[in-house]
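Since the structure comes first, as structure tokens, the remarks are kept for the end.
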Amino acid sequence: MKRKLIAALLTCTLAATAFIGCGSKEKPSAPVNGGTQTESGENTEPAASGEDLSGTLTFAIWDNNLNDFIEQNDMVGKFQEKYPNIEIEVEKIKDDSEYWNAMKMRASANQLPDVMFNKTFTLARFKDYLVDLSGTQACANNELAAGYAIDEKVLGIPMTSGYEYVFYWKDMFEEAGVTVPTTWGEFEETAKKLQDYYGKDNPDFMAIACGLKDEWPDYPYMEFMPALESGNGQNWNTMAGQDAPFAEGSDIYKAYQKVNSLFTSGVLGKDPLGLGNDQVTSLFATKNAAILALGDWGLQNIQGGAEDISQLGTFYLPTRNSESDPYNVIVQGDSFMGVTTHSKNQDAAVAFVEWFYSDAWYPDYINYVTSASSMTNFPKDKDPVLAEADELCPDKVLIMYDGGGDDFTAIQNETTFDYKKLGAQMMTDGFDLNAALSELNEKWAAARAKLKIQ
């Protein structure tokens, strides 16, 4: 039995051209019983016997936690106990930005890996390159997969249910005389008090750690707050049907005014554009920052840099205006494992997906990470640090987030609207948010007309 594990660091350029699928996203209430569709369009079921399948599969990831678990627990060897004639090559790509650049170029070159991961906002982009997994047992047991179907096809099985948290140090809050906020106004005021209290003695202190050098770390605010403001997890798709979605009074306008007010108040410290996510996470872990907004996956990164997490707590980002408003909370599927049409061994690749989500592998993996389980047959209690947010917010309203379908992505590319970049721009001298939103409205209407999107 041959066991092969290759970790390859890929470096990519930004010269690749984005591509867009042309269908619309639909959400069936249950998995489609159509079997697994191969590149030829035929429906197949995974082979029952491991001896019947053979070949080499390329499995591309960017997740450091997953890569560590794979290496520590001999994923390839365990898989080959059932499928001895299938070899697995694991490609570890530096980060998600390079991952998407690599996948774009490889899609154009007909060289996608056999098994790849997607996010909610990339499923539509790669939909023409992914096979239908709606007939798999992994899909049937997954609580979120069917909800992200495109054209009634499940193109990826989410590994986890992702929740977003605000991590904070309880002892720092107590010393500064602040409590956990429950409205946006309280959140801003809390951050300002923390900055004033600790910043007077530590010029490098930041009440809120946000590594805007990388741009993407502002996503809890720039990506999710419009959906939280409206209570509409489909907000990007709703925007695709509007000519002026950034107009004054719109949900995204109100959300971004809040973010701009927060970001420009000084609570991000003296140089948020000079620090990346890894740096600010390390600073938070050593209590040079009091607040850090990240997904549940961030807990492991904080634990790795902190000597003691006994005072670490969480709450949900309070975007509501008053306590009488709904306390909206984002939930989404994360890391959608899919099989590509470029695979020359699709049956083997589907078998790998089924195995990954079976009791042979998934329970140990989901207990290793801090994220919540997406599988109904393998439930998981939340880590006590994360569970605290639920205890503080028993009346939360879950908003199932969708990253945007084909129409939104097409308009986004045409207008070059990048919400994460826009958040970082708020920290630059002379930036005018109202002017930027007005310009986006003009571009948005023109793009809809050009692309003939109704």
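The values are calculated or read from the model by the stated rules, or taken from the named source; none is laboratory data. The structure presented is a predicted model; accordingly, all values stated were derived computationally and were not measured. Please note: Cβ atoms are built from the backbone with ideal geometry, for glycine as well, and neighbour counts cover all protein chains shown. What goes into the accessible areas is simple: the full protein's heavy atoms, side chains included, and nothing from ligands, DNA or RNA. Shrake-Rupley method; radii C 1.70, N 1.55, O 1.52, S 1.80 Å.
Tabulated results
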item: Hits in region 81-113 - residues which are farther than 30 Å from N277 by Cα and either out of contact with any Asp or Glu (no Cβ under 8 Å at 6 or more places or on another chain) or of a type in the set (S, T, Y) (or both); result: E81, K82, Y83, I86, E87, I88, S108, A109, N110, Q111
item: Hits in region 122-178 (condition: in contact with a strand residue (DSSP E or B) (Cβ under 6 Å, 6 or more places away or on another chain), under 22 Å from D383 (Cβ atoms) and not in a strand (DSSP E or B)); result: L144, K170, M172
item: When residues of region 353-372 are limited to those that are surrounded by fewer than 17 Cβ atoms within 10 Å (Cβ to Cβ) and either basic (K, R) or touching a residue at least 60 places away in the same chain (Cβ under 8 Å) (or both), the one nearest to G304 (Cα to Cα); result: Y368
item: Enumeration of residues in region 179-199 that are among the β-branched types (V, I, T) and assigned to a helix (DSSP H, G or I); result: T190
item: Pairs with Cβ under 6 Å, 6+ apart, first in region 182-210 and among the β-branched types (V, I, T), second in a helix (DSSP H, G or I) and at pLDDT 95 or above; result: I208/A191
item: Those residues of region 373-409 which are of a type outside the set (F, W, Y), buried (at least 20 other Cβ atoms within 10 Å of the Cβ) and outside any helix (DSSP H, G or I), in sequence order; result: S373, S374, M375, I399, D402, G403, G404, G405
item: Selection within region 294-335 - open to solvent by less than 30 Å² (accessible area, probe 1.4 Å) and small (G, A, S); result: G295, G298, A306, G313, G333, S335
item: Answer residue from region 117-156, given it is surrounded by fewer than 20 Cβ atoms within 10 Å (Cβ to Cβ) and hydrophobic (A, V, I, L, M, F, W, C) and is modelled with the highest pLDDT among those; result: A140
item: Residue within region 297-306 that is modelled with pLDDT under 95, in a loop (DSSP other than H, G, I, E, B) and not polar (S, T, N, Q) present; result: yes
item: Selection count where residues are surrounded by fewer than 23 Cβ atoms within 10 Å (Cβ to Cβ) and of a type in the set (V, I, T), scope region 336-352; result: 1
item: Among residues of region 97-116, those that are touching a helix residue (DSSP H, G or I) at 6+ places or on another chain (Cβ under 8 Å) and either outside any helix (DSSP H, G or I) or open to solvent by 40 Å² or more (accessible area, probe 1.4 Å) (or both), counted; result: 6
item: In region 76-96, the residues that are among the charged types (D, E, K, R) and open to solvent by less than 50 Å² (accessible area, probe 1.4 Å); result: E87, E89, E91, K92, D96
item: Of the criteria (1) without any contact (Cβ under 8 Å) to a residue 24 or more places away in the chain; (2) in contact with an Asp or Glu (Cβ under 9 Å, 6 or more places away or on another chain); (3) not in a helix (DSSP H, G or I), which one F431 fails; result: (2)
item: Any hit, region 163-180, residues being over 28 Å from P326 (Cα atoms), buried (at least 23 other Cβ atoms within 10 Å of the Cβ) and touching a residue at least 24 places away in the same chain (Cβ under 8 Å); result: no
item: Helices (runs of 4 or more DSSP H) contained entirely in region 200-279, each with at least 1 residues that are open to solvent by less than 10 Å² (accessible area, probe 1.4 Å) and more than 23 Å from A447 (Cβ to Cβ); result: 219-222, 251-263
item: Qualifying residue in region 436-454 (condition: at pLDDT below 95 and open to solvent by 60 Å² or more (accessible area, probe 1.4 Å)); result: yes
item: Members of region 94-140 that are aliphatic (A, V, I, L, M) and over 25 Å from Y163 (Cβ atoms); result: A102, M103, M105, A107, A109, L112, V115, L130, V131
item: Filter pass, M222 being closer than 23 Å to A289 by Cβ and either of a type outside the set (K, R) or out of contact with any strand residue (DSSP E or B) (no Cβ under 8 Å at 6 or more places or on another chain) (or both); result: yes
